[in-house]
Amino acid sequence: MKTSISLLSKRRFLPLFAVQFLGAFNDNLFRTAMVLLIIYGIYQDPTAEATLSAVAGGLFILPFFLFSAFAGSLADSEDKALLIRRIKTAEIVIMMTGAAGIYFQSVPLMLATLTATGVQSSFFGPIKYAIIPQHLEKDEVLGGTGVVQAGTYVAILLGTLLGGALVVGDASGALVARDAAIGVVLVATLGRIAAQFVPPAPPAAGSTAKPQWNIVAASIRVTREVMAHRRVRLAIMAISLFWALGAVLLAQFPPLVKNGLGADQRVATLFLALFSIGVAVGSIAVNRLLRGHVSARFAPWAALGMGIAIMALYLLIRNWETADNLYSIAEFLSQPKGDLIALALLAIALMGGAFVVPLYAFVTTTVDKSATARTIAVNNIINAGLMVAGSLILTSVVQAGLTVVDSLVLVAAATLVASWLGFRLVKETSGDEQAHEGETASEGHRE
């Protein structure tokens, strides 16, 4: 097993990691500043706030559903490093628009920027996972995928913390985020500089992929091709369900913290931070448990662990007593169940990282390298479909009168489906597992 962290010293991996890290950091710096500015500074209605969080999540995810097939075919037919540089140049323009939205507190402009970042991410998504098996050895892929996933969530953590810290009150008491407006443009520029150092990644030998300009026809055709493979289909459905659950949870955090726990925006930032830390730790830990071997054998148990932790969170929150004033972080943690709520959040995310990373590695190593980007694109389409569906369901149940706290029960129930998909994939690959164990035993005997 190659030490996964040591990959950060390799030029074939470090620039890609930096590009992904800075991109995730910037997305969350912008998104956190935007959401907190709107919920705590512009809107003053619980239903509008919960609806805004769900709609914002849907606007970010929708471009993945629309453009992923085209992005995947483009990535399989062009040099991925060149595409990364073009995407990061576009990010600078997008974030300049977002900076204007934050500065002038224009909700339509901020939502338009959020949608544009979704378009940008839909083009980068197939590349970041497809390029890993192209630049890394087979026994490095799981570790590399884990480091990218962990780095992404550390970036989410840092971007979330900074985004929350840069939403401050001015002399009149109104919330402003002018420094965040400067920050998003600066980070986008750093990301473009890092992109310049990504090594060339031309199409795989023998690749016949061509860009599919009809996005509807391309989505249908590529999805049919990829989902015809049973093992890949099971892994993609499991990954997509994880992201749908994650999207719903992340959309719930700000209104849940404000209206369910009676806490301020710093506690909302803490929730997002704990989630990021947990996924990062789980992403690295599962590589250690699997010893670099790409396997889904822990996936069903990790999904069950997520469900148990979500139900624990629900039970801890449902009878929470709020105060007249919003709790600060110290006041929230000093409450009888405050620390247990924090631990439940951490457990949810820890299990999530252990669930999803091996599945990504499985997908990228199961298909031919000439079709990896298109396979990840289909994964992103299915992800997006379920995430948009999750956002719509969340919006519907909130509008129908279900509280954000009670909606956690629905999320916990969905983890049972994720676990079932994991068990089916383990059953499908049981022969591969036995062969790997035989090879390992043989190697140990020779030594």
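The values are calculated or read from the model by the stated rules, or taken from the named source; none is laboratory data. Keep in mind the model is a prediction, meaning the values are calculated, not measured. Quick reminder, even Gly has a Cβ in these numbers, built from the backbone with ideal geometry, and neighbours come from all protein chains shown. What goes into the accessible areas is simple: the full protein's heavy atoms, side chains included, and nothing from ligands, DNA or RNA. Shrake-Rupley method; radii C 1.70, N 1.55, O 1.52, S 1.80 Å.
General remarks:
- One residue from Val248, Val198 being assigned to a loop (DSSP other than H, G, I, E, B), under 23 Å from the mean Cα position of the chain (by Cα) and buried (at least 21 other Cβ atoms within 10 Å of the Cβ): Val198
- Test: Pro300 is at pLDDT 85 or above and not in a helix (DSSP H, G or I): no
- So Phe197, is it among the aromatic types (Phe, Trp, Tyr) and closer than 24 Å to Val411 by Cα: no
- Enumeration of residues in the stretch 8-19 that are under 18 Å from Pro200 (Cβ atoms) and either in contact with a helix residue (DSSP H, G or I) (Cβ under 6 Å, 6 or more places away or on another chain) or open to solvent by less than 40 Å² (accessible area, probe 1.4 Å) (or both): Arg12, Phe13, Leu14, Pro15, Leu16, Phe17, Ala18, Val19
- Conditions (1) modelled with pLDDT of 95 or more; (2) more than 22 Å from the chain's Cα centre (by Cα); number of the one not met by Leu175: (1)
- Criterion: in contact with a helix residue (DSSP H, G or I) (Cβ under 9 Å, 6 or more places away or on another chain), within 29 Å of Val367 (Cβ to Cβ) and open to solvent by 20 Å² or more (accessible area, probe 1.4 Å) - qualifying residue of Pro300, Pro203: Pro203
- When Val404, Val378, Val363 are screened for being in contact with a Leu (Cβ under 6 Å, 6 or more places away or on another chain) and among the β-branched types (Val, Ile, Thr), only Val404 passes.
- Only residues that are open to solvent by 20 Å² or more (accessible area, probe 1.4 Å) and in a helix (DSSP H, G or I) were counted across the stretch 125-139, and they come to 5.
- Within the stretch 416-432, tally of residues that are of a type in the set (Ser, Thr, Tyr) and more than 14 Å from Phe298 (Cα to Cα): 0
- Test: residue in the stretch 31-40 that is surrounded by 23 or more Cβ atoms within 10 Å (Cβ to Cβ), at pLDDT 85 or above and more than 30 Å from Val405 (Cβ to Cβ): no
Okay, residues lined up against (1) open to solvent by 30 Å² or more (accessible area, probe 1.4 Å); (2) in contact (Cβ under 8 Å) with a residue 12 or more places away in the chain; (3) at positive phi:
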residue: Phe70; (1), (2), (3): no, yes, no
residue: Ala81; (1), (2), (3): no, yes, no
residue: Met96; (1), (2), (3): yes, yes, no
residue: Phe104; (1), (2), (3): yes, no, no
residue: Val119; (1), (2), (3): yes, yes, no
residue: Val141; (1), (2), (3): no, yes, no
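- Search result, residues across the stretch 380-392 that are surrounded by fewer than 24 Cβ atoms within 10 Å (Cβ to Cβ) and modelled with pLDDT under 80: Val388, Leu392
- Residues that are without any contact (Cβ under 8 Å) to a residue 24 or more places away in the chain and part of a helix (DSSP H, G or I), drawn from the stretch 334-385: Ser334, Gly338, Asp339, Leu343
- Output for the stretch 225-284, where each listed residue is among the basic types (Lys, Arg) and over 20 Å from Trp320 (Cα atoms): Arg230, Arg231, Arg233
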